[in-house]
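Asks: This is the structure I want to talk about, given as structure tokens.
Just so you know, all these numbers are worked out from the coordinates, no wet-lab data involved. Because the structure is predicted, anything quoted here is derived from the model rather than measured. Cβ: placed from backbone, ideal geometry, glycine included. Neighbour counts: every protein chain shown.
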Amino acid sequence: MHAAGNADVSECLKVVVGVAGGIAAYKAAHVVRGFKELGHDVRVVPTESALNFVGAATFEALSGNPVSTTVFDAVDEVQHVRVGQEADLVVVVPATADFMARAAHGRADDLLTATLLVATCPVVLAPAMHTEMWNHPATRDNVAILRRHGTIVLDPAHGRLTGKDTGPGRLPEPEQIVSLALAAVENPRHFRRDFEGVRFMITAGGTREAIDPVRFIGNHSSGRQGFALAEMAAQRGALVTVVAGHTDQLPTPLGANVVKVDSTLEMAEAAHEPSKLADVCIFAAAVADFRPASTAGAKMKKGVADDALSNIQLVENPDILATTVERRKAGEIPATTTMVGFAAETGDETTTPLELAKQKIVRKGCDLLMCNDVSGGQTFGATDNVGWLLSLDGEQWDVPRGSKFSVAGSILDAVSELRQEPQPAE
Ligand code: PMT
């Protein structure tokens, strides 16, 4: 199976932020700031019409670089090819229907389209337009052409548009655009559309088990890894349902349907139906193994006669992953459904995290298991991850350190390959 070698995006990258003429152009300013805060060198290339929405001075001040729109500026420096040639990443925010039509057909009538024609680095378009325009056959064709040419066209968010209307066509949040664009630099192959129409159920975040109205048993999961999996699967064409416990105020994963839950019992219930319908189930949530046998109706007091607070009785929670695998064995879930587990391991004096994960995949019976080393507080809440992928039949791959989007991409590559292998006859 795959052996990914991903690019490092912690170095200073030359990022071109293109801006086309749409209301969402103001959000490009936040995207520029996002890249700058991560230490990248940003050059903004707006179209003429983008400057009707945001002035060049804003982009110059935020990027620290001059702004031009036309191929007739800095002609002595051959700017119309140099900007694209030197770029490590080109991101267009927002990519309007008109801009995508021009880009799809290889027009080079302004500096931005000329830059796209020259660039050999990853090119990421973040579309924003009204739903009717996004759904129009002309736009669908242009998106298909661009994707065929290797341009990464993000699926837009679903939500409130400029007028009173709501639907697909909203620009993703600036932090989502920055993360996904950098993931494209880490490994552009992670954005191929190999899950078109494939249904995913993904658990994410941490569960909370109530002790009383103010206290709970919980953990440090931020939901970042689960949400990154959801966003990457959706950008690869999948239909994604995320059953999410507590997630550090992250934006809703782009392109996914999210069901919010609190406790393990709620997560188990919410995952039940979607896992029956899914082609792929991924269990990235950090789930509490135990919960208090009962939840006090009022805040428990310390130091009272029976001191219930220091004697909390625990009962075991259902294991959502293991029971879903059991349901597949029992025929309730199709045998072709791929099951992916996670293992958050610290290891101990006698056993390494990897050895524990190898025991865990056999115990849980899932097809693939991503093992994270969480010793010393790493991984939980972090923006990056590293570890190993194991398969039930004993294969093992290193997953290189990278953003959680890049790790998600490696896991999805392994899922994609597994789904292409001939299935055993039932
Ligand atoms: O959320 P982040 O801050 O991004 O951090 C990511 C992460 C470390 C939480 C994530 O990558 C991870 O490792 N998730 C699994 C954590 C965990 O609970 O591991 P575990 O070894 O206890 O459980 C093994 C597997 O069984 C997991 O797939 C878990 O989702 C599943 N499980 C566990 C217990 C339970 N009752 N039900 C389950 O489904």
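Asks: Between I23 and E355, what length comes free when the chain is fully extended (0.36 nm per residue of separation minus the Cα-Cα distance, one decimal in nm)? Before the final figure, lay out each step's value.
Replies: Working: separation 332, 0.36 × 332 = 119.52 nm, distance 5.31 nm.
Stretched fully, the I23-E355 segment lengthens by 114.2 nm.
Asks: Further, regarding this structure: Can you tell me the mean projection area, over all orientations, of the convex hull of segment 279-396's alpha carbons? Units nm², please.
Replies: Working: hull surface 43.8 nm².
Averaged projected hull area, Cα only: 11.0 nm².
Asks: With a 10 Å Cβ neighbour count serving as the proxy for reagent exposure, in which order, fewest first, do S275, S294 appear? If you can, show how the numbers build up before the last one.
Replies: Values: S275 27, S294 13.
Least to most surrounded, the residues fall as S294, S275.
Asks: Same structure again: Going out from 0 in 5 Å bins, what whole percent of all Cα-Cα distances in segment 143-182 drops into each bin?
Replies: 6, 22, 21, 20, 19, 9, 2
Asks: How large is Rg over Rh for segment 194-288, taking Rg from the Cα atoms and Rh as the Kirkwood inverse mean of 1/r across Cα pairs? All intermediate terms of the calculation are to be shown ahead of the outcome.
Replies: On the way: Rg = 13.0 Å, Rh = 13.1 Å.
Computed over Cα atoms, the ratio is 0.99.
Asks: How large are Rg and Dmax for segment 349-418 when calculated on the C-alpha trace, in angstrom?
Replies: 12.1, 36
Asks: Would you mind checking the tilt of helix 224-235 against the longest principal axis of the Cα atoms of the chain, expressed as 0 to 90 degrees and rounded to 10?
Replies: Around 50 degrees separate the two axes.
Asks: Given a Förster radius of 25 Å and the C-beta distance between D141 and D165 as r, what FRET efficiency does 1/(1 + (r/R0)^6) yield to the nearest 0.05? Could you put the intermediate results ahead of the total?
Replies: Numbers: r = 23 Å, r/R0 = 0.92.
Once the sixth-power term is evaluated, E becomes 0.60.
Asks: Considering only DSSP states other than H, G, I, E and B, which trypsin sites (Lys or Arg not before Pro) in segment 64-131 qualify as loop sites with at most 16 other Cβ atoms within 10 Å?
Replies: Values: sites: R82, R102, R107; in loops: R107.
Sites meeting the loop and neighbour criteria: R107.
Asks: Given points 7 Å out from each Cα along the Cα-Cβ axis, report the V386 to S310 separation in nanometres with one decimal.
Replies: A separation of 4.3 nm, rounded to one decimal place.
Asks: Report the per residue volume, in Å³, of the convex hull enclosing the C-alpha atoms of segment 108-161. Write down the numbers at each step before the final one.
Replies: Numbers: hull volume 5.1 nm³, N = 54.
Output value, Cα hull per residue: 94 Å³.
Asks: While we're looking at this one, here's another question. Residue by residue through segment 90-100, what is 3J(HN,Hα) from phi via Karplus (6.51 cos²θ - 1.76 cosθ + 1.60, θ = phi - 60°)? Round to whole Hz and write x for glycine and proline.
Replies: 10, 10, 10, 9, x, 8, 7, 4, 5, 4, 5
Asks: As I understand it, the value is the acute angle between the Cα axis of helix 404-420 and the longest principal axis of the Cα atoms of the chain; what does it come to in degrees, rounded to 10?
Replies: Long axis of 404-420 versus the principal axis of the chain: about 80 degrees.
Asks: Which Cα, out of A204, L265, L418, lies furthest along the positive dipole direction of the chain (beta carbon charges, K/R +1, D/E -1)?
Replies: In the chain, that residue is L265.
Asks: Right, next: Counting other beta carbons within 10 Å of each residue's own, what order do R148, R170, R401, R199 fall into, fewest first?
Replies: Values: R148 10, R170 23, R401 14, R199 18.
If I rank by nearby Cβ atoms, fewest first, I get R148, R401, R199, R170.
Asks: Shape verdict for segment 123-208, please, from the Cα gyration tensor: rounded (a/c under 1.5), prolate (a/b greater than b/c) or oblate.
Replies: Oblate, since a/c reaches 1.5 and b/c is not below a/b.
Asks: With N set to the residue count of segment 379-426, report its C-alpha Rg divided by 2.2 N^0.38 Å to two decimal places. Show your work: numbers first, answer last.
Replies: Working: Rg = 12.9 Å, N = 48, 2.2 N^0.38 = 9.6 Å.
Against the compact-globule rule of thumb, the ratio is 1.35.
Asks: Given axes a ≥ b ≥ c from the Cα gyration tensor, I'd like to know whether segment 10-107 is rounded (a/c under 1.5), prolate (a/b larger than b/c) or oblate.
Replies: Here segment 10-107 falls in the rounded category.
Asks: Here is a follow-up. Counting helices only, and only those DSSP H runs with n ≥ 4, report the 222 nm mean residue ellipticity of the chain as the sum of -39,500 (n - 2.57) divided by its residues, in deg cm²/dmol to the nearest 500. Working shown, then result.
Replies: Details: 13 runs with 140 residues, N = 426.
Here the helix-only value at 222 nm equals -10000 deg cm²/dmol.
Asks: Okay, next question. Taking the dipole about the Cα centre of the chain, with the C-beta of Lys and Arg at +1 and of Asp and Glu at -1, give me whichever of V90, T120, T351 is farthest to the positive side.
Replies: V90
Asks: Convex hull volume of the Cα atoms in the chain, per residue, in Å³?
Replies: Details: hull volume 73.3 nm³, N = 426.
Per residue, the Cα convex hull of the chain comes to 172 Å³.
Asks: Give a quick list of GluC sites (Glu not before Pro) in segment 1-95 that DSSP marks as loop, anything other than H, G, I, E or B, with at most 16 other Cβ atoms within 10 Å. Display every interim value, and only then the final one.
Replies: Numbers: sites: E11, E37, E48, E60, E77, E86; in loops: E11, E48.
Here the GluC sites (Glu not before Pro) that fit, given the DSSP loop and packing criteria, are E11, E48.
Asks: Within 10 Å of each residue's Cβ, count the other Cβ atoms and sort T247, T69 from fewest upward.
Replies: Working: T247 22, T69 19.
Going from sparsest to densest Cβ surroundings: T69, T247.
Asks: Another question about this same structure. Which residues does a label at A7 reach in segment 34-68, if reach means a backbone N under 19 Å from a point 7 Å past the Cα toward the Cβ?
Replies: 34-45
Asks: Still on this structure: Quick one: divide the alpha-carbon radius of gyration of segment 241-330 by 2.2 N^0.38 Å and tell me what you get. Walk me through the numbers on the way to the answer.
Replies: Details: Rg = 16.7 Å, N = 90, 2.2 N^0.38 = 12.2 Å.
Rounded to two decimals, the normalised Rg is 1.38.
Asks: Something else about it: Rounding to the nearest 10 and keeping the result within 0 to 90°, find how far the Cα-based axis of helix 264-277 lies from the longest principal axis of the chain.
Replies: It is inclined by approximately 60 degrees.
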